Amino acid sequence: MINILTIIGARPQIIKAAALSRAIRNHFSDQIKETIAHTGQHYDQNMSKVFFDEMGIPDPDFNLGVGSDTHAKQTAVMIEKLEEILVEQKPDFVIVYGDTNSTLAGSVAASKLHIPIAHIEAGLRSFNKSMPEEINRIVCDHTSTLLFTPTQAGLKNLMNEGFNIHPKPPYTADNPGIFHCGDIMYDNSIYFAKIAEERSNILEENNLNSGEFILGTIHRNNNTDEPERLNAIFKALHEIAFNNRIDILLPLHPRTSKLLPKNLEPETFKNINNNPFIKIIPPVSFLEIILLEKNCKLVMTDSGGLQKEAYFFQKPVIILRPETEWIEIVENGIGIITDANTDNIIKAYQHFETKKYLDFPSIFGDGKAAEFICEKILG
């Protein structure tokens with residue numbers, strides 16, 4: 001029996017962990033024992049507990065309750081508390097996801113104790129080291145024993161950084177196993193799409209018709225905290241919604257909602273509040289976001305996860321950032337990088353309005369990434 005410790009802390013990681021927990025429960029329960037440590041990086045009730053319940057993930061065995069702080073303080077507390085758990089539990093593998101401070105803390109704590117790390121979503125790069133996530137990805141990849149990359153681009157990035165992408169076992173941090181496994185979120189999207197249809201009424205609750213609305217999300221600090229960027233985005237949203245008479249649904253984190261009156265120019269704030277096609281709602285559950293992605297016309301987001309999920313459901317995406325880790329989406333003409341530029345956002349919307357045909361080749365695997373990962377962990 002292999003003992004693994006799964007470390008999660010943010011909403012996307014909770015969702016990703018659901019796929020692995022489900023694979024263990026359904027196919028590997030006699031071979032893998034999973035313990036879950038939740039750092040509490042996202043501590044809001046709607047951003048964590050609700051997702052555990054909805055995803056069918058067991059309650060965490062450990063909840064560190066770290067909460068929000070500066071990057072350094074938050075990460076330091078996580079490392080200290082995770083080290084105590086690792087010393088007590090002595091897992092055979094530590095599983096980390098993505099690129100958050102929880103990912104960084106888990107990889108640092110485990111590597112110092114010489115516990116093998118499996119990094120799910122390895123190899124992704126934005127090539128922008130001003131993003132804290134980019135530093136977290138790089139450090140985690142270079143301390144891991146097993147690297148599971150969702151795309152061919154991720155595999156190429158690792159090769160360019162000096163990784164041997166065809167290593168021979170036994171695998172160690174100095175000779176890591178590199179695997180192109182497909183995207184674990186694709187597993188979830190396939191599994192939960194039907195459940196979402198049965199359980200959620202979010203379309204009816206917001207008077208939305210399938211195929212006739214835009215789904216937008218804005219959460220990155222450089223977009224929400226910098227008034228110039230926030231104004232540029234919301235000016236574009238107002239013009240697109242008002243001029244095209246199309247609903248834009250914006251599930252916003254409470255922190256972002258509170259920043260709108262502070263960071264938006266008075267005229268832009270007034271326009272947004274008076275625009276009947278702009279619908280700002282609180283954060284939604286994973287099942288609800290799945291249903292919105294499946295039924296929207298187009299996605300506008302600064303989220304890496306939503307870019308992929310839009311692709312899963314064959315929706316074009318406008319990327320409100322200067323770069324993307326999911327370069328295949330852009331290369332296939334499904335995504336357009338606009339950054340926080342009003343004119344570029346409007347032009348991107350107009351482009352997709354006039355585009356008659358979009359091709360969505362299969363670039364994210366076969367929906368069985370979690371099973372593949374379990375098999376490789378077992379060796």
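Before moving on, here are some points about what is shown:
- Set of region 336-366 residues, backbone N closer than 19 Å to the point 7 Å along the Cα-Cβ line of VAL330: 336-352, 359-361, 363-364
- Least to most buried among LEU306, LEU378, LEU287 (fewest other Cβ within 10 Å first): LEU378, LEU287, LEU306
- Listing LEU250, LEU358 from fewest to most neighbouring C-beta atoms within 10 Å gives LEU358, LEU250.
- Among THR100, THR342, sorting on how many other beta-carbon atoms sit within 10 Å of each Cβ, with the fewest leading, yields THR342, THR100.
- In the frame of its principal axes, the chain has Cα extents of 60, 41, 41 Å, reported largest first.
- Sparse packing (at most 16 other Cβ atoms within 10 Å of the Cβ) combined with a DSSP loop state is found for the following GluC sites (Glu not before Pro) in region 203-282: GLU212.
- By the equivalent-ellipsoid construction on the alpha carbon gyration tensor, region 14-114 comes out with semi-axes of 22, 18, 10 Å, ordered largest to smallest.
- Basic side chains Lys and Arg get +1 at the Cβ, acidic Asp and Glu get -1 at the Cβ, and with that the dipole of region 262-379 about its Cα centre reaches some 400 debye.
- Among GLY106, GLY216, GLY365, the largest mean-square fluctuation in a Gaussian network model of the chain, built with springs joining Cα atoms closer than 10 Å, belongs to GLY365.
- Using the Cβ-Cβ distance between ILE195 and PHE242 with R0 set to 35 Å, the FRET efficiency works out to roughly 0.50.
- Average silhouette area of region 190-354, convex hull of alpha-carbon atoms, in square nanometres: 8.9
Read-outs: derived from the displayed coordinates by stated rules, not from any lab. All figures in this text were calculated on a predicted structure; none of them were measured in a lab. Positions of Cβ are generated from backbone atoms using ideal geometry, with glycine treated the same way; all protein chains shown enter the neighbour counts.
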